[in-house]
Amino acid sequence: MIKVGLTGGIGSGKSVVASIFEALGVPVYHADIEAKKILDSDQVNLKIASLFGKEVMTKDGRINRKALAAIVFNDKVKLEQLNSIIHPEVRIHFQDWCLARNEHPYIIQEAAIIFESGFNAYFDKVIMVKASTETCIERVMLRDQISREDVIRRMQNQWPADKVEAASDIVILNDLDTMVLPQVLKIHKLLLS
């Protein structure tokens, strides 16, 4: 089985591309979704509470994601500390997930920070979804109902697009002028051959 990473900056359209692969019958592991589930586990809650304090906890003892995001997206050290808790858990979960799908020719993991987290070492190929910075900002502002400044702060915690592109094996252009489906179909055919 070929393991493929699917990455790109916030708002680039990774989820759209992932959904096309899923429609083609390819198993897709959504790392960001799984990380949020892991964030809700009791064990991880305790670690985060001890590291970040009560200000990131709700009254019922769960993580207040907005409060946590406000801290980590404004402090790279704090973001690295959070990632050091979450990323090992995601790696273990992903490995188990792959074992349960080993009959497929290839699988995909969709994740925003494949290179930043060192996760690229687990993949045979990495696909980058690319869009202009302005397009990404507008998409995230609309999707998450956050300010331009908040989007830019989040972008600053990711590698620049040109660095991700240079490290990737394949690039899918997801701008307003280029059709994504033919690009995905071409990659799908390549990975099946």
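The values are calculated or read from the model by the stated rules, or taken from the named source; none is laboratory data. Only a predicted model underlies this, so the values are computations on that prediction, with no experimental measurement involved. Cβ: placed from backbone, ideal geometry, glycine included. Neighbour counts: every protein chain shown.
Those residues that are among the charged types (D, E, K, R) and surrounded by fewer than 18 Cβ atoms within 10 Å (Cβ to Cβ), I need them from segment 1-24; list them, please.
If the condition is that a residue be among the charged types (D, E, K, R) and surrounded by fewer than 18 Cβ atoms within 10 Å (Cβ to Cβ), then 3, 22 are the ones that fit.
Among the candidates 13, 9, which residue alone is under 26 Å from residue 193 (Cβ atoms) and at pLDDT below 95?
It is 13.
Taking segment 110-168 on its own, how many of its residues are acidic (Asp, Glu) and under 22 Å from residue 76 (Cα atoms)?
5
With the checklist (1) within 30 Å of residue 25 (Cβ to Cβ); (2) within 16 Å of the chain's Cα centre (by Cα); (3) touching a residue at least 12 places away in the same chain (Cβ under 8 Å) in hand, flag the one item residue 151 doesn't pass.
Single failed check for residue 151: (1).
Out of everything in segment 86-120 that is part of a helix (DSSP H, G or I), among the β-branched types (Val, Ile, Thr) and in contact (Cβ under 8 Å) with a residue 40 or more places away in the chain, what residue ends up being surrounded by the fewest Cβ atoms within 10 Å (Cβ to Cβ)? Write out each step before concluding.
Narrowing segment 86-120 to residues part of a helix (DSSP H, G or I): 86-99, 119-120.
Checking the rest, the ones that are also among the β-branched types (Val, Ile, Thr) come to 86, 90, 92.
Of the ones still in play, those that are also in contact (Cβ under 8 Å) with a residue 40 or more places away in the chain are 86, 90.
Working: 86: 19, 90: 22.
Looking at residues that are part of a helix (DSSP H, G or I), among the β-branched types (Val, Ile, Thr) and in contact (Cβ under 8 Å) with a residue 40 or more places away in the chain, I get 86.
Just for segment 90-123: of the residues that are in contact with a helix residue (DSSP H, G or I) (Cβ under 9 Å, 6 or more places away or on another chain) and among the acidic types (Asp, Glu), which one is nearest to residue 31 (Cα to Cα)?
110
Regarding residue 125, is this residue of a type in the set (Lys, Arg) and in contact (Cβ under 8 Å) with a residue 60 or more places away in the chain? So that I can check it myself, show each step before the final result.
Details: of a type in the set (Lys, Arg): yes; in contact (Cβ under 8 Å) with a residue 60 or more places away in the chain: yes.
Yes: the conditions hold for residue 125.
How many residues does segment 26-77 contain that are in contact (Cβ under 8 Å) with a residue 60 or more places away in the chain and under 30 Å from residue 104 (Cα atoms)?
Number of matching residues: 8.
Given (1) under 30 Å from residue 177 (Cβ atoms); (2) among the basic types (Lys, Arg); (3) over 15 Å from the mean Cα position of the chain (by Cα), identify the lone condition not met by residue 14.
(3)
Taking helices (runs of 4 or more DSSP H) that fall entirely within segment 1-85, which contain at least 3 residues that are closer than 28 Å to residue 141 by Cα?
Of the helices (runs of 4 or more DSSP H) lying wholly inside segment 1-85, those with at least 3 residues that are closer than 28 Å to residue 141 by Cα span 14-23, 31-39, 65-72.
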